[in-house]
Amino acid sequence: MMATLAGPESPRTGATRSDRGGNIVTTINRSQITGRGICRGTQVPEALLHERDHRARWHGIPILLRRLHEASHPNSDLSRAHAVLKEMSPLLSMEAMSLVTEDRKFAQEATFPNTYTFDLFGGVDLLLEMLMRPTLSTQKKKPKMNDDLIKDCLSVLYNCCICTEGVTKSLAARDDFVLFLFTLMTNKKTFLQTATLIEDILGVKKDMIQLEGIPNLAGLVQSFDQQQLANFCRILSVTISEPDLGHDDKHTLLAKNALQRKNSGPSQAEINQVTLLGIPGFIERLCKLATRKVSEATDTSNFLQELEDWYAWLDNALVLDALIQINGSEAEQSSTESSDESALAASPLRHRLPRSMKVVHEIMYKVEVLYVLCVMLMGRQRNQVHRMLAEYRLIPGLNNLFDKLIWRKYTSSSHVLHAQNQHCDCSPEISFKIQFLRLLQSFSDHHENKYLLLNTQELNELSAISLKANIPEVEALVNTDRSLVCDGKKGLLTRLLTVMKREPPDSSFRFWQARAVESFLRGATSYADQVFLLKRGLLEHILFCIIDSGCKSRDVLQSYFDLLGELMKFNIDAFQRFDRYVNTEEKFQVFLTQINSSLVDSNMLVRCIVLSLDRFESQSEDVKVVETLSQCHLLSHLARVENRLAFLFRLINIINVQTLTQENVSCLNTSLVILMLARRHGRLAWYLGALREKEYTERYPGCLLNNFHQLLCFWQRHYLNKDKDSTCLENELPGKGAL
């Protein structure tokens with residue numbers, strides 16, 4: 001392809017020809033410039049490059065690249081090459097800086113002629129060759145590049161990645177270069193630039209990198225100081241997280257089943273998790289990072305304003321110089337990990353940076369560390385990770401940080417909710433809180449270690465509740481190692497309840513807080529656990545949020561419905577408390593309206609009420625239960641068959657096999673519970689008959705029963721080969737023989 005160089009939008013020429021008017025037009029074959037060879041425009045006469053430079057607005061980049069190529073030959077003095085690169089670097093960093101300081105939407109649509117020209121004339125390939133030349137040399141004495149030159153090469157490459165479309169993908173396709181970058185991380189002076197570039201490359205890499213393929217990974221990780229390890233967690237997060245499947249039609253349960261049949265073995269993310277667990281001391285060091293104290297040598301009144309003002313600065317990975325100097329100061333002045341808190345105070349940059357910068361850094365470090373720990377807790381090696389986190393006292397350490405760092409009085413949560421491994425552009429303070437709550441949710445969910453969230457006095461309280469109710473203590477509570485529980489006057493769960501009640505009605509933090517508390521209750525229902533939370537006013541708080549607060553967030557309401565279901569299930573005291581709060585017909589109708597407004601959000605609560613009602617009806621000799629059954633609005637409402645049928649009709653109608661997702665499959669499970677209980681009481685045929693009558697009423701014969709039959713067949717295929725999912729549903733049903 002031949003192109004004319006008439007301006008910055010077409011910088012592709014370098015030879016000459018005459019047009020039809022006799023004017024001299026400069027042209028060149030693009031392949032002469034951008035081939036994978038060494039030419040990089042060196043075949044173009046330098047005089048011609050000078051001639052075209054001003055008109056094409058190249059800013060001398062092709063000429064500088066020509067000089068860089070000449071100065072970077074093997075065995076040459078690379079100081080001259082470094083000088084050329086320094087001369088060219090500001091032209092590229094200026095464009096990169098505009099990308100992160102201007103409006104992001106505008107910046108993404110903008111063109112970056114300098115970095116485009118740099119790549120077009122082979123600058124990226126030249127820097128790759130310069131960086132990797134020592135590894136390709138056959139000489140006994142390998143040529144060595146200056147650390148500062150390596151840093152500048154990496155920074156320029158990063159500039160090109162964020163400004164020029166396709167450069168990041170082309171680097172990601174070079175497996176040899178990606179693995180080479182990991183070898184550069186052993187050098188503390190080049191670590192930060194290397195880590196930044198690797199993170200960007202792995203984010204677009206088509207195939208997930210295999211951590212076991214990195215030479216001496218264990219030695220590399222063990223060589224990192226704590227700051228480097230925290231930054232390395234940003235890279236690890238890409239290598240251990242499953243790709244986000246999203247929520248569109250392509251990612252229904254039907255599609256996921258097909259994908260799982262295709263990929264029957266462990267995923268690369270799971271293999272990478274196993275690789276990390278095999279590194280001696282890895283989890284222990286992450287626990288230390290997550291729980292270490294932060295320097296408080298900043299007045300808290302100014303901290304939050306500084307945090308917001310400097311968030312954009314911190315999020316810009318291009319502003320490496322200051323960060324590197326801080327990192328360098330810390331490395332030089334901290335001979336041990338315990339001295340890192342005083343590093344910033346001793347840094348020469350302290351007068352140019354806010355006093356809270358060290359605290360902000362620490363928050364950002366902890367975000368990455370908590371994310372990695374959270375992902376590991378959700379993997380196949382969950383039990384092994386749990387044992388390690390308990391042994392290294394992660395939960396007591398986080399409890400000690402709760403008031404001073406994790407949950408300060410200031411809260412702001414105008415962010416949107418993100419999936420577990422979805423990119424989040426929230427401020428460090430918000431991201432930190434979300435990752436903390438996600439970690440608690442993963443830690444407590446269906447695991448006996450959940451009691452580590454309490455302190456010794458609170459554990460004793462649970463024992464006393466069981467004793468008073470004349471029921472045996474839960475085995476997990478009895479087996480809890482008291483030396484590993486929280487210290488202080490309050491455990492982590494109690495502290496979380498306290499801040500949960502203070503959140504504004506529509507605060508998105510409420511969603512994550514409710515999920516974390518709900519995970520403590522999930523699993524086999526524990527009366528003592530429920531009463532422990534009831535005594536702290538949790539039920540009244542939930543009802544206030546649903547009925548009286550004016551909360552409109554569907555996400556928050558869904559999480560509160562789910563939490564309310566776990567809190568009330570089979571607990572007669574909870575239903576009595578419910579009736580005391582919902583003490584007017586008006587309040588009860590508001591509550592029903594919230595339930596009926598979205599059964600996808602509230603059906604877990606409906607399931608809880610149906611299950612509890614079934615159990616209570618079998619306890620006819622208990623006076624307290626009989627009185628509650630006759631008085632409780634909620635139980636009376638669901639005791640009426642017509643109301644239960646109405647819920648069943650809607651639950652079956654709002655889903656079908658093609659639209660089932662992880663979000664709405666609970667509607668299918670709730671409808672199954674209703675029909676299983678009907679079968680247990682010999683009324684299944686009557687319920688099915690009612691469904692048929694509904695079809696004829698709607699003048700659409702078969703619409704309900706055919707849809708339900710298809711759903712039931714899918715349920716059998718989807719769940720019966722998944723022990724955890726099917727047994728969880730079975731365990732919800734009181735008594736035996738439900739399925």
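Key figures for this structure:
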{"read-out": "R607 crowded, with 17+ Cβ neighbours inside 10 Å, under 25 Å from I655 (Cα atoms) and either among the aromatic types (F, W, Y) or at pLDDT 95 or above (or both)", "value": "yes"}
{"read-out": "Unmet requirement for F570, which otherwise passes all of (1) assigned to a helix (DSSP H, G or I); (2) modelled with pLDDT of 95 or more; (3) of a type outside the set (K, R)", "value": "(1)"}
{"read-out": "First in the stretch 559-582 and on the phi > 0 side of the Ramachandran plot, second anywhere and small (G, A, S) and in a helix (DSSP H, G or I), Cβ under 9 Å, 6 or more apart", "value": "F570/S612"}
{"read-out": "V100 vs. criteria at pLDDT below 75 and aliphatic (A, V, I, L, M)", "value": "yes"}
{"read-out": "Residues (open to solvent by 50 Å² or more (accessible area, probe 1.4 Å) and part of a helix (DSSP H, G or I)) located in the stretch 382-407", "value": "N383, Q384, R387, E391, N400, D403, K404"}
{"read-out": "So T252, is it out of contact with any Asp or Glu (no Cβ under 9 Å at 6 or more places or on another chain), at pLDDT 90 or above and open to solvent by less than 40 Å² (accessible area, probe 1.4 Å)", "value": "no"}
{"read-out": "Residue satisfying all of: in the stretch 470-498; under 20 Å from L437 (Cβ atoms) and open to solvent by 10 Å² or more (accessible area, probe 1.4 Å); nearest to the chain's Cα centre (by Cα) among these", "value": "R495"}
{"read-out": "Test result for T593, under 35 Å from the mean Cα position of the chain (by Cα), of a type outside the set (A, V, I, L, M) and either open to solvent by 20 Å² or more (accessible area, probe 1.4 Å) or under 15 Å from Q631 (Cβ atoms) (or both)", "value": "yes"}
{"read-out": "Only one of L543, L521, L564 that is more than 21 Å from W407 (Cα to Cα), in contact with a Cys (Cβ under 9 Å, 6 or more places away or on another chain) and not hydroxyl-bearing (S, T, Y)", "value": "L564"}
{"read-out": "Helices (runs of 4 or more DSSP H) wholly inside the stretch 117-230 that include at least 1 residues being under 25 Å from the mean Cα position of the chain (by Cα)", "value": "147-163, 167-172, 175-184, 191-202, 217-223"}
{"read-out": "Any hit, the stretch 207-220, residues being over 23 Å from E270 (Cβ atoms) and not charged (D, E, K, R)", "value": "yes"}
{"read-out": "Number of the condition not met by I201 [criteria: (1) farther than 25 Å from Y365 by Cα; (2) surrounded by 15 or more Cβ atoms within 10 Å (Cβ to Cβ)]", "value": "(1)"}
{"read-out": "Check on Q513, more than 24 Å from E429 (Cβ to Cβ), among the polar types (S, T, N, Q) and either touching an Asp or Glu at 6+ places or on another chain (Cβ under 9 Å) or assigned to a loop (DSSP other than H, G, I, E, B) (or both)", "value": "no"}
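The values are calculated or read from the model by the stated rules, or taken from the named source; none is laboratory data. The structure displayed is predicted, hence computed values, not measured ones. Methodologically, a virtual Cβ is constructed for each residue, glycine included, from the backbone with ideal geometry; neighbour enumeration extends over all protein chains shown. For accessibility, only protein heavy atoms count, side chains too; no ligands or nucleic acids. Shrake-Rupley method; radii C 1.70, N 1.55, O 1.52, S 1.80 Å.
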